[in-house]
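Structure first, then comments.
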Amino acid sequence: MDAIVMAGGLGTRLGMGEKPCVELLGKPLVTYVIDALVTSEKIDKVYVATSPATPNTGIIVNKLYGEHVRVIPTEGGNYVKDMVQAVETAKIEGPVMIVMADLPVLTASVIDEIIDSYESSDKPAMSVFVPISVCKNIGTRPDTIFNKDGELIVPTGINILDSYKIRTEQEYMTLVLKLPELSLNVNTVDDLKMCKEMIKNRKDQ
Ligand SMILES: Nc1nc2c(ncn2[C@@H]2O[C@H](COP(=O)(O)OP(=O)(O)O)[C@@H](O)[C@H]2O)c(=O)[nH]1
Ligand SMILES: [Mg+2]
């Protein structure tokens, strides 16, 4: 399946300019998610949806990936509207994975695991969550909390949707993964520090 990286937010909470371009251990933040997607065996084409708030992100992605990753400028200001615009502009067919640009600790093997679950589900869409206990353990502060049959879960910013019905509400499977790295999205300076530590530790292993 193809994937779209959403990279058109304002990044106000981080306050370091264009969030996808913020440097993390010598690389722009957005390149971590792109590299994980490109490495995944189950992802074909990768697109990056920028907005008027993130012009440099488009420039950087074009420079680093050339024809391998296509930048799609979206209108901006509305996540869902921009996602629909990107899916339609890219003329994606079948299921599409939508990922946020601010998940630098996401790995190709987690992406493959998510797609495996999607492939064995009978729902047209899937949304990935972590249990709230995972956030508490590593000290991340969730933006949003859902109650799913009594279990408190936090959306990770990874979704799979049927691109043919992208404008309609889709019945989705709730995938809950107990993976700390999925709760680590970079919204604040503290999050950025935590990501640095996690990536460094991983390299040392
Ligand atoms: N294209 C596009 N991307 C968005 C939009 N809003 C948020 N995003 C991206 O979605 C991801 C998650 O959003 P969030 O953490 O709220 O971003 P922030 O507003 O930049 O802190 C980030 O990678 C954003 O760049 C939007 O309106 N359009
Ligand atoms: Mg975020």
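The values are calculated or read from the model by the stated rules, or taken from the named source; none is laboratory data. Since we're looking at a predicted model, the values are computed, not measured. With ideal geometry, Cβ positions are generated from the backbone for all residues, glycine too; neighbour counts draw on all protein chains shown. Heavy atoms of the whole protein, side chains included, go into the accessibility calculation; ligands, DNA and RNA do not. Shrake-Rupley method; radii C 1.70, N 1.55, O 1.52, S 1.80 Å.
Some points to look at:
- Single residue of Asp116, Asp102, Asp82 found to be open to solvent by 60 Å² or more (accessible area, probe 1.4 Å) and among the acidic types (Asp, Glu): Asp116
- Tabulated pairs, region 176-205, first more than 25 Å from Leu152 (Cα to Cα) and within 16 Å of ligand 2 (Cβ to nearest atom), second open to solvent by less than 50 Å² (accessible area, probe 1.4 Å) and not in a helix (DSSP H, G or I), C-beta under 9 angstrom, 6+ apart or interchain: Val189/Leu14
- Of the residues examined, Ile153 is not one that is among the aliphatic types (A, V, I, L, M), open to solvent by 50 Å² or more (accessible area, probe 1.4 Å) and farther than 26 Å from Thr57 by Cβ.
- Here Pro52 passes the criteria (1) surrounded by fewer than 22 Cβ atoms within 10 Å (Cβ to Cβ); (2) within 15 Å of the chain's Cα centre (by Cα); (3) farther than 19 Å from Leu64 by Cβ except the one numbered (2).
- Count - residues of region 177-196 that are buried (at least 16 other Cβ atoms within 10 Å of the Cβ), in contact with a strand residue (DSSP E or B) (Cβ under 7 Å, 6 or more places away or on another chain) and of a type outside the set (Ser, Thr, Tyr): 6
- The one condition in (1) of a type outside the set (Ser, Thr, Tyr); (2) within 16 Å of ligand 2 (Cβ to nearest atom); (3) more than 18 Å from the chain's Cα centre (by Cα) that Glu169 fails to fulfil: (2)
- For region 54-92, residues that are in a helix (DSSP H, G or I) and farther than 15 Å from Lys19 by Cα total 19.
- Taking every residue in region 54-67 that is among the polar types (S, T, N, Q) and pairing it with any residue that is assigned to a helix (DSSP H, G or I) and open to solvent by less than 70 Å² (accessible area, probe 1.4 Å), at least 6 positions away or on another chain, the pairs with Cβ-Cβ distances below 8 Å are Thr54/Lys19; Thr54/Pro20; Thr54/Cys21; Asn56/Cys21; Thr57/Pro20; Thr57/Cys21; Thr57/Val30.
- Residues located in region 57-71, provided they are exposed (fewer than 15 other Cβ atoms within 10 Å of the Cβ) and either touching a Lys or Arg at 6+ places or on another chain (Cβ under 6 Å) or among the hydrophobic types (A, V, I, L, M, F, W, C) (or both): Ile59
- Checking region 77-89 against the condition returns no match, with no residue being within 24 Å of Glu181 (Cβ to Cβ) and away from ligand 1 (no atom under 15 Å from the Cβ).
- Which listed residue is more than 21 Å from Tyr32 (Cβ to Cβ), in contact with a helix residue (DSSP H, G or I) (Cβ under 7 Å, 6 or more places away or on another chain) and surrounded by 14 or more Cβ atoms within 10 Å (Cβ to Cβ), from Ser121, Ser163: Ser163
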